[in-house]
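Participant: Can you read through this structure? Questions will come right after.
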Amino acid sequence: MGADIKDIDSRSFADLFFPCNRCIYWEAPEQFGSNGDDSRKLPEKDASGIKWAWFEETLKTFGRCGVILFIGGEAAGYAQYAPPSLLPNAAGYAQSISPPSRDAVLISCLYIRPEYQGRGLGKMLLRKVTGDIGERGYDAAETYARDDSPDNCSGPTEFYLKSGFTLLATKKWGEATFSLLRLTLKK
């Protein structure tokens, strides 16, 4: 398959693909807007600049916080993760669904481009991310996933349940139903 996973840094950030390269849903919710599409109305340079600024700051304070999965040299998937305190939109989920645990790192994005889906790449990317979180001494990985649609930046709830995550909370929020899920990394 020729899969390679690289950390996001100043060079690899240029390989991040649309819509992930300018989605600022987790990093700057006030810029993203309530309809979930406002970041696309910002000039591409502005949204990408906000996203890269978040990466720069998070890399300094937390370290590795994102990876890109390549297949045959082409970017096919992306994952982003950090402590909830470094993801401004986590506060809205904490209030509306349930707060993440203090001992966990939050997986905010896990996305495989449509033409690469169904090949096990999401599982490969998830193993890389949870392995990194565990190696860094955190007790768990958590995520907010959507129950009623696979079209969500962190992926569908069913994917996480099949990957060993347990359900912590579920709640309807607006028109969608979300769950907070947890994978314990330390036994």
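Participant: How charged is the neighbourhood of R102? Take every other residue with its Cβ under 13 Å from the Cβ of R102, and add Lys/Arg as +1 and Asp/Glu as -1.
Facilitator: Counting the neighbours of R102, the net charge comes to -2.
Participant: Let me ask something additional. Which of G164, G118, G66 moves the most in a Gaussian network model of the chain with Cα springs under 10 Å?
Facilitator: With Cα springs under 10 Å in the chain, the top fluctuation among G164, G118, G66 is at G118.
Participant: Build a GNM of the chain with springs between Cα atoms under 10 Å: which of K172, K123, K60 gets the top mean-square fluctuation?
Facilitator: Maximum fluctuation in the GNM of the chain, among the listed residues, is at K60.
Participant: To continue, here is another question. Check A169: other-chain or 5+ apart residues with amide H under 5 Å from its amide H, H built from backbone geometry?
Facilitator: Sorted by chain and number, the residues that satisfy this are L180.
Participant: While we're here: Rank T58, T177, T143 by mean-square fluctuation in a GNM of the chain with C-alpha springs under 10 angstrom and give only the top-ranked residue.
Facilitator: Answer for the Gaussian network model of the chain: T177.
Participant: A follow-up question, please. Using Cβ counts within 10 Å as a stand-in for footprinting exposure, how do V105, V67, V129 rank, fewest first?
Facilitator: V67, V129, V105
Participant: Can you work out ³J(HN,Hα) from phi for every residue in segment 94-107, in order, using Karplus 6.51 cos²θ - 1.76 cosθ + 1.60 and θ = phi - 60°, giving whole Hz and x for Gly and Pro?
Facilitator: Values per residue, Gly and Pro as x: 4, 6, 8, 10, 5, x, x, 6, 5, 8, 10, 9, 8, 7 Hz.
Participant: On to the next question. What ranking of W26, W173, W54 emerges when the number of other C-beta atoms within 10 Å of each C-beta is taken as an exposure proxy, fewest first?
Facilitator: W173, W54, W26
Participant: Mind listing the phi-derived Karplus ³J(HN,Hα) values for segment 114-128, rounded to whole Hz, using 6.51, -1.76 and 1.60 with θ = phi - 60°, and x for any glycine or proline?
Facilitator: Listing the rounded values in order: x, 6, 10, 5, x, 10, x, 6, x, 5, 4, 5, 5, 4, 4 Hz.
Participant: Report, in cubic angstrom per residue, the convex hull volume of the C-alpha atoms of the chain.
Facilitator: Taking the convex hull of the Cα positions in the chain, it is 115 Å³ per residue.
Participant: List the chymotrypsin sites (Phe, Trp or Tyr not before Pro) within segment 71-111 that fall in a DSSP loop (any state other than H, G, I, E or B) and whose Cβ has at most 15 other Cβ atoms within 10 Å.
Facilitator: Answer in residue order: no site qualifies.
Participant: Just to be sure I understand: of the beta bridges DSSP finds with both ends in segment 42-168, what percent are antiparallel, rounded to 5?
Facilitator: In segment 42-168, DSSP labels about 75 percent of beta bridges as antiparallel.
Participant: Kindly flag which residue pairs out of K51/K123; K128/K186; K6/K123; K51/K128; K51/K171 have an alpha-carbon separation exceeding 20 Å in this structure.
Facilitator: From K51/K123; K128/K186; K6/K123; K51/K128; K51/K171, over 20 Å: K51/K123; K51/K128; K51/K171.
Participant: Fewest Cβ neighbours within 10 Å first, please rank E30, E74 accordingly.
Facilitator: With the sparsest Cβ surroundings first, the list reads E30, E74.
Taken together, the values in this text are just the output of simple stated rules run on the coordinates, not laboratory data. In this text the structure is predicted, and so the values were computed from the model without any measurement. Reconstructed Cβ throughout: ideal geometry from the backbone, glycine too, with neighbour counts over all protein chains shown.
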